[in-house]
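Inspection log for the structure reproduced underneath, given as structure tokens.
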């Protein structure tokens, strides 16, 4: 049985920069961390970056929670609908829908993976700094962490959110590995755990847009009519925003 307590080797406590997958992995490697970077390329962290580019704050929320509407109303925010339930003009987890909106000050953005992980890291573990990274802003996030005055003393946990099989089991998603790799390559190499070092070496084969559109998650979105979301996610280093959770809201801490 895998131990996930503080003394578990899965916590990677001997290393300043750690890496793992999904919520369980996040809770293991982010325990005691100063900074956690969550990567969910298709599409939560891409959506967060697009929203912040437009000046919209994002409030992450746990998935499939019936209290989300009341939470949004309490915070004077728009609640993003599931993609499958969104109509014309509705905001959803789709970055295209967020980019097309105007005048939205705050957005409650639930998702089963990235948003849920961010919520647990901040609320359950109390990680001081939780950041959202995608291919669009990985370089900016890594640079912000690496250039902090206390960078040499930081413990950083990078988490690839992954996706879910119909059974609910974690499905490691290659696009999140690519995004995590882009962050990890910008952090001090000597601090990386073996897991982090191995992931940092991963790069898409050929054109990033083609690779995203051709991977399993990309094919699924394209088949469902969301090819535009895949194209937005492939805008490598197009954004300089560094989404950080401050008071339960993602704002640009850069």
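Please say if segment 97-254 is rounded, prolate or oblate, where rounded means a/c under 1.5 for a ≥ b ≥ c the square roots of the C-alpha gyration tensor eigenvalues, and otherwise the choice is prolate for a/b larger than b/c and oblate otherwise? Can you show the working numbers first?
Values: a/c = 1.44, a/b = 1.18, b/c = 1.22.
Judged from the Cα gyration tensor, segment 97-254 comes out rounded (a/c under 1.5).
Is segment 59-109 rounded, prolate or oblate when judged by the Cα gyration tensor, a ≥ b ≥ c being the square roots of its eigenvalues, rounded requiring a/c under 1.5 and prolate requiring a/b larger than b/c?
Since a/c reaches 1.5 but b/c is at least a/b, the shape of segment 59-109 is classed as oblate.
So what is the calculated 222 nm ellipticity per residue for the chain, using -39500 (n - 2.57) for each DSSP H run with n of 4 or more, over all residues, to the nearest 500 deg cm²/dmol?
-9000 deg cm²/dmol
Using the per-residue mean of other Cβ atoms lying within 10 Å as a proxy for protection, in what order, highest first, do the peptides 207-217, 46-56 fall?
My ranking of the peptides, most packed first, is 46-56, 207-217.
Suppose we keep just the DSSP beta bridges with both residues in the chain; what percent of those would be antiparallel, to 5?
Of all bridge pairs located within the chain, approximately 25 percent are antiparallel.
What full-extension length gain, to one decimal in nm, is calculated for residue 253 and residue 64 as 0.36 nm per residue of separation minus the Cα-Cα distance?
Contour length minus Cα-Cα distance gives 65.2 nm.
By how many nm would the segment from residue 75 to residue 224 grow when fully extended, if each residue of separation counts as 0.36 nm and the alpha-carbon distance is taken off? Write down the numbers at each step before the final one.
On the way: separation 149, 0.36 × 149 = 53.64 nm, distance 3.15 nm.
So the chain would gain 50.5 nm between residue 75 and residue 224.
If you average the alpha carbon positions of segment 101-148 and of segment 36-82, how far apart do those two centres end up, in angstrom?
For segment 101-148 versus segment 36-82, the Cα centre distance is 10 Å.
Peptides 89-102, 115-128: what's the order by average Cβ count within 10 Å, highest mean first?
Highest to lowest by the protection proxy: 115-128, 89-102.
What is the spin-label model distance, in nm, from residue 201 to residue 164 if the labels are put 7 Å beyond Cα along the C-beta direction?
3.3 nm
Please give the peptides 242-248, 21-27, 173-179 ranked by average Cβ packing (other Cβ atoms within 10 Å per residue), highest first, as a rough proxy for protection.
By packing density, highest mean first, the sequence is 173-179, 21-27, 242-248.
Where a ≥ b ≥ c are the square roots of the eigenvalues of the C-alpha gyration tensor, would you call segment 196-244 rounded, which needs a/c under 1.5, or, failing that, prolate if a/b is larger than b/c, or oblate?
Oblate is the answer for segment 196-244, as a/c is 1.5 or above yet b/c matches or exceeds a/b.
Bear in mind these aren't lab numbers, they're just calculated from the coordinates by the rules spelled out. This one's a predicted model, so the numbers in the text were calculated from it and none came from an experiment. Note: ideal-geometry Cβ built from the backbone for every residue, glycine included; neighbour counts use all protein chains shown.
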